[in-house]
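The values are calculated or read from the model by the stated rules, or taken from the named source; none is laboratory data. Everything numeric here is computed off the predicted structure, so don't read it as measured data. Methodologically, a virtual Cβ is constructed for each residue, glycine included, from the backbone with ideal geometry; neighbour enumeration extends over all protein chains shown. The protein model used for the area step is the full one, side chains on, heavy atoms only, and it has no ligands, DNA or RNA in it. Shrake-Rupley method; radii C 1.70, N 1.55, O 1.52, S 1.80 Å.
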Amino acid sequence: MSHTYNGIKATELDGAVWRKSSYSNANGNCVEFASLQNGDVAMRNSRDPHGPALIYTRSEIECLLLGAKDGEFDDLV
């Protein structure tokens, strides 16, 4: 895998297996995540699977998920 960076085309992330939440609606209005070979996590818009991906460290994703589980973002929905 070549160097990853924010904005890389999702199709350039070799070996990425994308998955989205079972809560995603039929219109595909969701984001998808993929574990990368270097340990980072990529995120893309499910409506644009060939578009750009954002790259996060595992610790950044862990903080996001813990905050979501604790309800810290409930005011956004």
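When the chain is described by a simple charge dipole with +1 on each Lys and Arg Cβ and -1 on each Asp and Glu Cβ, the residue from L76, G39, L66 located farthest towards its positive end is G39. Here the spin labels are modelled as points 7 Å beyond Cα on the Cα-Cβ line, and at E12 and S35 they lie 2.5 nm apart.
State the percentage of accessible surface on the stretch 8-76 attributable to carbon and sulfur atoms; use a 1.4 Å probe and exclude ligands, DNA and RNA. Percent of accessible area from carbon and sulfur atoms in the stretch 8-76: 52. Loop-located trypsin sites (Lys or Arg not before Pro) in the chain (DSSP state other than H, G, I, E, B) with a sparse environment of at most 14 neighbouring Cβ atoms within 10 Å: R47.
Roughly what angle does helix 58-69 make with the longest principal axis of the chain, taking Cα atoms, 0 to 90 degrees, to the nearest 10? Helix 58-69 sits at roughly 20 degrees to that axis.
If I take every Cα pair under 8 Å that is 6 or more residues apart in the chain, average their sequence separation and divide by the length, what percent do I get for the relative contact order? Value for the chain: 27 percent.
Using the Cβ-Cβ distance between D75 and N27 with R0 set to 30 Å, the FRET efficiency works out to roughly 0.80. Projected onto its three principal axes, the C-alpha set of the chain covers 38, 30, 18 Å, listed from the longest axis down.
Once the 1.4 Å probe is applied to the protein heavy atoms, the chain comes out at 72 Å² accessible per residue.
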